[in-house]
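Encoded as structure tokens, the structure appears first; notes follow it.
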Amino acid sequence: MSPDLHPKLHGDPNRLRQILNNLVGNAVKFTSSGSVELVVTQCETNNSLGGKNTVTLIFAVTDTGIGIPANQIEKIFDPFTQVDASTRRKYGGTGLGLSICKKLVELMGGRIWVKSTEVVGSTFYFTACFGLAHDSNSLLKGKEEGQTVSLCPLRILLAEDDFLNQRFAIEVLRSQGHSVEVAVDGKEVINKLTTKPFDLILMDISMPDMDGIEVTKVIRGSTSNLFDSKIPIIAQTAHALKGDREKFLEAGMDGYITKPIDIDELSAVIRQVTPDFILKDCEKKDEDRPAEATGETLI
């Protein structure tokens, strides 16, 4: 890190962590020999954003890996893009998270780009905007206040049939310490509930076979004791209309968010519908959980 960086900044640690984990993780996987380097510098100060002083940082992740062909660079941040078939075979899904990084960088008021030469290596750059903080007491106070609403790690069932939405939600939830399992339709939601316990369901409204409202009514009306029929359910919808909130609540859902997902909004709604999982109760909650249900299952 550059020695002239401001020592105290306000920003979103979860988004930043997601971006860096993805870029550095990709660099390590694509670099069989040589090095991976992360450099952070301050590139400009802007006094106009929100009426407060802000700082823009530039992050550079450089590797000596396989590089990217020139004809692939322009589309490397597109969904589902990977360099070529041989890369897919060797590196699995590596690189597919770049479109997610692009979304997160834009949410932090920045942009992302890459410079690369085949065989020589790549440098991924991104900028992000942070607020200046001058009062150390206010920072400490904010941290203490944040702890009162922090959550224990949750076991979340994500009901979502769109692959890109799945990937984005998983990245967001994992960065917050939660484990995630995916169901692609209503029948799979019911099946997974009967095989292992979950603490929360994120329910897409528009799914094939059974939509989210139908699935919620089945869950709430169940008397089989095969799963918790009172499990908190948050609706996800890309088409929020007037009266939808009331319709979702009437169906038995506990809250709802609109897509594309806003990370802060999602966190707030999860805290709202899972009050029993605030940080101070984590130890007790862990004692109540079956040992076999503490693992993480991902797509």
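The values are calculated or read from the model by the stated rules, or taken from the named source; none is laboratory data. Being a predicted model, the structure only gives us computed values, none of them experimental. Here the Cβ positions follow ideal geometry from the backbone for every residue, glycine too, while neighbour counts run over all protein chains shown.
One table, with the values for the structure above:
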read-out	value
Identity of the residue in the range 161-206, more than 18 Å from the chain's Cα centre (by Cα) and among the hydroxyl-bearing types (Ser, Thr, Tyr), that ends up surrounded by the most Cβ atoms within 10 Å (Cβ to Cβ)	SER206
Selection from the range 175-197 of residues that are part of a helix (DSSP H, G or I) and out of contact with any helix residue (DSSP H, G or I) (no Cβ under 8 Å at 6 or more places or on another chain)	LYS187, GLU188, ASN191, LYS192, THR194, THR195
Helices (runs of 4 or more DSSP H) contained entirely in the range 43-151, each with at least 1 residues that are at pLDDT 90 or above	98-107
Enumeration of residues in the range 207-226 that are surrounded by fewer than 19 Cβ atoms within 10 Å (Cβ to Cβ), of a type in the set (A, V, I, L, M, F, W, C) and in a loop (DSSP other than H, G, I, E, B)	MET210, LEU226
Long-range neighbours under 9 Å by Cβ, at least six apart or interchain, first residue at positive phi within the range 152-178, second not hydrophobic (A, V, I, L, M, F, W, C)	GLY177/PRO153
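Yes or no, residue by residue, for (1) in contact with a strand residue (DSSP E or B) (Cβ under 8 Å, 6 or more places away or on another chain); (2) assigned to a loop (DSSP other than H, G, I, E, B); (3) closer than 16 Å to ARG111 by Cα:
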site	(1), (2), (3)
ASP4	yes, yes, no
PRO7	no, yes, no
ASN14	no, no, no
ASN21	no, no, no
LYS29	no, no, no
GLY34	yes, yes, no
LEU38	yes, no, no
